[in-house]
Amino acid sequence: MKSTTKNKASIKKGFDKLLSVSFVFCVIGIAWMLIQITTFASFKIPSDSMEPTLLPGDNIIVNKWVMGGRLFNIWDAAENKQINISRLPAFGKIKRNDVLVFNFPYPDRWDSLGLSLKTYYVKRCVAIPGDTFEIRNAHYKVRGYNEPLGCVDSQDKLQQILSSREGQYRDIVMNGFPYDSLVDWSIREFGPLYIPAKGGSIVINSFNRALYKNVIEWEQKKKLLQRGDTVLLGDSIIQKYQFQEDYYFVAGDKVMNSKDSRYWGLLPEKFVVGKATLIWKSVNPISDEVRWSRIFKKIE
């Protein structure tokens, strides 16, 4: 009888320990999930489009406090349903030349904005909401801002290649956003393009329709159509538009190998995960060697 009682006590004690361990793991799991949502996340760099700043195999920390962590229904987003994205309070703001991680805004079609949960890009912010951005002779400029933007060495290199007479740039895609006969822009000569700020407004004409069609349709969930000289938003004539969201213009540091805003246009603020701040691990994807000199390197 005593043996049976001891066995029962031992089983109960073991069960209690198991419950305690399970509880601890659950708490740790929930805490880690909350940190990932509100504070930081880790991403691995797969390509060379941000060289020399970031190399393939770099693992980076993304600070979400700068803009505030995003809150949305991840299951609806995974099923490509319409979602509402809100943010926790921010502790800073995005500045020009910050390196951003974001959801790629064109997962399905080039004429329709959408949130891609599976595809993340990392690029440098070269224009913020309210800026007027342009590219002159392959170099980035913002009106009224005289500091360097992006990787100037790469822009110099592209300028030299495009200025040569040897046809060395035949493999470079020159045509740029928005790929419309009314707007003859290239990655050498681009803009001026107003980067929409929330509350900012534009006159709606054929030219601006070509530039802002995708973002207006994304905001309004209606088609922006042209009939003769008249522009329609859904069934209504529109002559002026006030933006409901902030947008950014981003570019890769390796200018000649970057699928960035020069080609696909404006980045909605709600698609931005956060600011890349630190390389916490770096492994050469070819040799599997750890690049010790890059560990804990600040991203600038």
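The values are calculated or read from the model by the stated rules, or taken from the named source; none is laboratory data. Treat the numbers as computed from the prediction; the structure is a model and nothing was measured. Positions of Cβ are generated from backbone atoms using ideal geometry, with glycine treated the same way; all protein chains shown enter the neighbour counts.
When residues in the range 209-227 are screened for being buried (at least 18 other Cβ atoms within 10 Å of the Cβ) and either farther than 22 Å from residue 248 by Cβ or free of Cβ contacts under 8 Å to residues at least 24 places away in the same chain (or both), 2 of them pass.
Considering only the range 248-300, state which residues are under 21 Å from residue 149 (Cα atoms), among the aromatic types (Phe, Trp, Tyr) and outside any strand (DSSP E or B). Result: 263, 264.
A quick yes/no check of all residues on (1) touching a strand residue (DSSP E or B) at 6+ places or on another chain (Cβ under 6 Å); (2) assigned by TED's automatic domain parsing to the domain that holds residue 214; (3) surrounded by 13 or more Cβ atoms within 10 Å (Cβ to Cβ); (4) more than 27 Å from residue 222 (Cβ to Cβ):
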position: 74; (1), (2), (3), (4): no, no, no, no
position: 80; (1), (2), (3), (4): no, no, yes, no
position: 91; (1), (2), (3), (4): no, no, no, yes
position: 95; (1), (2), (3), (4): no, no, no, yes
position: 101; (1), (2), (3), (4): yes, no, yes, yes
position: 107; (1), (2), (3), (4): no, no, yes, no
position: 127; (1), (2), (3), (4): yes, no, yes, no
position: 145; (1), (2), (3), (4): no, no, yes, yes
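Scan the range 174-181 and tell me whether some residue there is farther than 24 Å from residue 257 by Cβ, hydroxyl-bearing (Ser, Thr, Tyr) and either surrounded by 17 or more Cβ atoms within 10 Å (Cβ to Cβ) or assigned by TED's automatic domain parsing to the domain that holds residue 238 (or both). Checked the range 174-181: no residue is farther than 24 Å from residue 257 by Cβ, hydroxyl-bearing (Ser, Thr, Tyr) and either surrounded by 17 or more Cβ atoms within 10 Å (Cβ to Cβ) or assigned by TED's automatic domain parsing to the domain that holds residue 238 (or both). Taking the range 43-83 as the range and being at pLDDT below 85 and touching an Asp or Glu at 6+ places or on another chain (Cβ under 9 Å) as the test, the residues that pass are 80, 82, 83. The condition (being closer than 19 Å to residue 66 by Cβ and modelled with pLDDT under 95) is satisfied by just one residue among 123, 93, 118: 93. Of all residues in the range 188-198, none satisfies being free of Cβ contacts under 8 Å to residues at least 40 places away in the same chain and more than 15 Å from residue 127 (Cα to Cα).
Within the option set 81, 95, being within 26 Å of residue 278 (Cβ to Cβ) and out of contact with any Phe, Trp or Tyr (no Cβ under 8 Å at 6 or more places or on another chain) holds for one residue only, 95. If you go through the range 234-244 and keep only what is assigned to a loop (DSSP other than H, G, I, E, B) and either aromatic (Phe, Trp, Tyr) or within 15 Å of the chain's Cα centre (by Cα) (or both), you end up with just 243. On the stretch given as the range 46-103, residues that are in a loop (DSSP other than H, G, I, E, B) and of a type in the set (S, T, N, Q) total 8.
Out of 231, 255, 272, which single residue is over 26 Å from residue 128 (Cα atoms) and either crowded, with 18+ Cβ neighbours inside 10 Å or within 20 Å of the chain's Cα centre (by Cα) (or both)?
The conditions single out 231.
Restricting 150, 114, 130 to residues that are within 19 Å of the chain's Cα centre (by Cα), over 18 Å from residue 259 (Cα atoms) and either in contact (Cβ under 8 Å) with a residue 60 or more places away in the chain or part of a loop (DSSP other than H, G, I, E, B) (or both) narrows the list to 130. How many residues, within the range 171-208, are within 18 Å of residue 251 (Cβ to Cβ) and not in a strand (DSSP E or B)? Of the residues in that region, 12 qualify.
All of 207, 190 fail the test of being over 25 Å from residue 54 (Cα atoms) and either outside the structural domain of residue 74 (by TED's automatic domain parsing) or among the charged types (D, E, K, R) (or both), apart from 207. Per this entry, residue 197 is counted among residues that are under 21 Å from the mean Cα position of the chain (by Cα) and among the small types (Gly, Ala, Ser).
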